[in-house]
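The values are calculated or read from the model by the stated rules, or taken from the named source; none is laboratory data. Bear in mind the structure is a predicted one, so any value in this text is a computation, not a measurement. Glycine also receives a Cβ, built like all others from the backbone with ideal geometry; neighbour counts cover every protein chain displayed.
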Amino acid sequence: MNDVTIETPEALPETAQPGAKVKGKNRFEAAQPVLEKLFELYPQLFGARFVPLKLGIFQELMAAHPTVFKREELKTALGVHTRSTRYLQSIAAGLKRHDLEGQPGEDVAPDHVFLSIVELFQRRQARAKEDLKPKLRAQLVTAYAASGLSRQEYLSRLPVLDEVIATLLDEAMAEVEQQRARRAALVKAFEGSGKTVEEFAASLGMDPAQVRSALKECC
């Protein structure tokens, strides 16, 4: 997992990969002027708040500003931006991808969310004194539950995982599947009860909102 490639809005050339040199400069130095220009043009995307970028946004930027950006320099800058911790945090949070107007559109793919979560964990764990695996497990629970995918569908999207990550993911998936099973049993009991949501919730000492949430997620 240490060498996993995080999904970016554009397939990047070798010059934009970590540690690469661009005309005698490292990629961070080479990217700074372009990133400053992107911030000037699109503060809603490259400003104080980072958001996932629409796939294909590189081509849209080149088409919109053919005389402003050089192709390889823009690719390098987007590579630096989309591999930054702040950008990965926006992916891990499950925010929607945004277009040049700053409007949210498509969801980030579940596997991209997973890979970003794992990459952030590895970066933080390398610096932290405490064990961050419990926090990672909790994040994986949230990510898997939000995906709506089955275990097989989710795993089919992922690369080969190391033992530690694979074990935590297995535990997280088992927890979510238990939650799904309890929710399905609750919905089945409600449907067979002949009661209103309020009556059914009262009979179990539950908040009606919990029952409505289960119905919404299962049906």
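Worth a mention:
- Residue satisfying all of: in segment 107-133; within 15 Å of D170 (Cβ to Cβ) and more than 8 Å from the chain's Cα centre (by Cα); surrounded by the most Cβ atoms within 10 Å (Cβ to Cβ) among these: V118
- Cβ separations smaller than 7 Å between residues 6+ apart or across chains give the following pairs from segment 89-103 residues that are touching a residue at least 40 places away in the same chain (Cβ under 8 Å) to residues that are surrounded by fewer than 18 Cβ atoms within 10 Å (Cβ to Cβ) and in a helix (DSSP H, G or I): G94/A146; L100/E60; L100/A64; G102/Q44.
- Test result for K75, over 17 Å from the mean Cα position of the chain (by Cα) and charged (D, E, K, R): yes
- Matching residues, segment 77-86, being touching a Leu at 6+ places or on another chain (Cβ under 8 Å) and either under 16 Å from T142 (Cβ atoms) or crowded, with 16+ Cβ neighbours inside 10 Å (or both): A77, L78, G79, V80, H81, T82
- Only one of A172, A181, A166, A138 that is over 23 Å from S116 (Cβ atoms) and assigned to a helix (DSSP H, G or I): A181
- The single residue among P33, P66, P104 that is touching a His at 6+ places or on another chain (Cβ under 6 Å) and either modelled with pLDDT under 95 or farther than 24 Å from V160 by Cα (or both) turns out to be P104.
- The residue of segment 166-208 that is modelled with the lowest pLDDT, among those that are of a type in the set (G, A, S) and within 20 Å of T142 (Cα to Cα), is A184.
- Hits in segment 116-141 (condition: over 23 Å from R157 (Cα atoms) and among the polar types (S, T, N, Q)): Q125
- Looking across L38, L55, one residue alone is touching a helix residue (DSSP H, G or I) at 6+ places or on another chain (Cβ under 9 Å) and not assigned by TED's automatic domain parsing to the domain that holds D170. It is L38.
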